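Heads up, the thing below is written out as structure tokens.
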Amino acid sequence: MPSLSQADLDDIYAFAVELGKEAGDTLLKGAQIRIDGGAGDQQIEKDNAVDIVTKTDEDVEHFIKSKISAKYPSHKFLGEETYSKGSSRDYLIGNDPTWCVDPLDGTVNYTHLFPMFCVSIGFILNGKATIGVINAPFLKQLFSACAGRGAWLNETQQLPILRNPIPPMPPNAPSKCIFSCEWGKDRRDMPDGNMHRKVDSFMNMAAEIGGREGKGGMVHGVRSLGSATMDLAYTAMGAFDIWWEGGCWEWDVAAGISILQEAGGLVTTANPPPDPAHAPIEDVRLGSRLYLAIRPAGDAPNESGRQGQERTVREVWRRVRNLDYSRPGA
């Protein structure tokens, strides 16, 4: 299996951070044109009316790919826009050094000037998200991480932030948690389709304790940012306690998973196993399209941070439904 030294990773990390800054500047210029009254990019629908691409998506991806190819010609590249133009939906990530890029996550947000949009640059080695850079230029927030070097906001504030010491998970989680989720792009109005299963799960998480036949989670709030990448970044920051989602591709999550795990968070599968109370909790496989993330957590008097995260996973599993986002090779 390929291996890189820590010095090699540090060099790639520094390069990725600068690349993320440059790409973010391009996104910000495009947004500014809209603010100043320009027509903005032409929007092209891919699978449906909420799955769109703009010229900015394609220009930024081309810029990033060109820079990477010049610096690391032996590395593989997987970008959302080039992948989306192919006819296959096979899983393409192996053990080789691979860049996994979403040039503009939150394209719908970008077209509406809702500030939750970003560029996402992930570096994968041996199938694992090893380096991540997320730049949300409208918010002036740059999230980054490298395996063994911690996770950071704007290169100076180590993640998670806001509270010190890091709080444990609430004893009755998901109660008193902020729950993050997305409607997704699958809008087919089928009685047992993904959208209906999601809505059913959202209701379970939000309902009063004892409601929904005992599945009521009474979360503090439900948030939907319109960007899986930003959901993961805010979970790493500690602002969200739980993120549950199905349907994301690897470019949506590679950078965010790297940042969340390096911050001390947990990422496993969204779909509950047959025995949620006792099934092993394993790290999610990148590309599975099914994700459940728990924020970094501190120790409680009778429970480690990890135990609190795993307890929360099991309580979420108890309340959510299985989603169907299968794909070849994953």
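FYI, it's all coordinate maths here, none of it is from the lab. The model shown is predicted, which means the values in this text are computed figures rather than measured ones. With ideal geometry, Cβ positions are generated from the backbone for all residues, glycine too; neighbour counts draw on all protein chains shown.
The calculated Kirkwood hydrodynamic radius for the stretch 165-234 is 13.3 Å, given to one decimal from all distinct C-alpha pairs.
All C-alpha pair distances within the stretch 103-181, sorted into 5 Å bins from zero, spread as 3, 12, 15, 17, 19, 19, 12, 2, 0 percent across the bins. Extension gain, Phe114 to Asp10, is 34.1 nm, computed as 0.36 nm per intervening residue step minus the present C-alpha separation. A cut-off of 5 Å between modelled amide H atoms, ignoring neighbours fewer than 5 places along the same chain, links Lys215 with no other residue.
I'd like to compare 294-303, 241-250: which one has the highest average count of other Cβ atoms within 10 Å, and what's the full order after that?
241-250, 294-303
What is the percent of Cα-Cα separations in the stretch 178-317 that go past 21 Å? Present the calculation step by step, with values, prior to reporting the outcome.
Details: 3895 of 9730 pairs.
Considering the stretch 178-317, 40 percent of its Cα-Cα pairs are separated by more than 21 Å.
Over its Cα atoms, what ratio of radius of gyration to 2.2 N^0.38 Å does the stretch 210-272 give? Walk me through the intermediate numbers first.
Values: Rg = 12.9 Å, N = 63, 2.2 N^0.38 = 10.6 Å.
Taking N as the residue count of the stretch 210-272, the ratio is 1.21.
Each residue in Leu27, Leu139, Leu225 was given a count of other beta-carbon atoms within 10 angstrom of its own, and listing them fewest first yields Leu139, Leu225, Leu27.
Using 1/(1 + (r/R0)^6) with R0 = 25 angstrom and r between the beta carbons of Ser304 and His220, what's the FRET efficiency to the nearest 0.05? Provide the component values of the computation, followed by the final result.
Values: r = 23 Å, r/R0 = 0.93.
Efficiency computed from Cβ-Cβ geometry: 0.60.
Extension gain, Glu213-Arg163: 0.36 nm per intervening residue step, less the Cα-Cα distance, totals 14.5 nm.
Evaluating 6.51 cos²θ - 1.76 cosθ + 1.60 at θ = phi - 60° for every residue in the stretch 287-302, the Karplus couplings come out as x, 6, 6, 10, 9, 10, 10, 10, 5, x, 9, x, 7, 9, x, 10 Hz, glycine and proline recorded as x. Between Leu92 and Gln32, the contour length at 0.36 nm per residue exceeds the Cα-Cα span by 18.1 nm.
FRET efficiency for the pair Leu139 and His62, taken as 1/(1 + (r/R0)^6) with r the Cβ-Cβ distance and R0 = 30 Å, rounds to 0.80. Cβ-to-Cβ counts within 10 Å put Thr26, Thr312 in ascending order as Thr26, Thr312, the fewest first.
For Phe77, the amide hydrogen comes within under 5 Å of the amide hydrogens of Trp99, counting only partners 5 or more places away or on other chains and with H modelled in the peptide plane. In terms of Cα to Cα distance under 25 Å, which lysines are near enough to Lys65, apart from those fewer than 8 places away along the same chain? Cross-link targets: Lys21, Lys29, Lys46, Lys55, Lys76, Lys85, Lys128, Lys140. Sorted ascending by nearby beta carbons within 10 Å, beginning with the fewest, Met203, Met169 become Met203, Met169. Taking a straight line from the alpha carbon of Lys215, these lysines sit under 27 Å away, with near neighbours fewer than eight places off in the same chain left out: Lys176, Lys185, Lys198.
Between Asp25 and Ala277, the modelled label-to-label distance comes to 5.8 nm, taking each label 7 Å out from Cα in the direction of the beta carbon.
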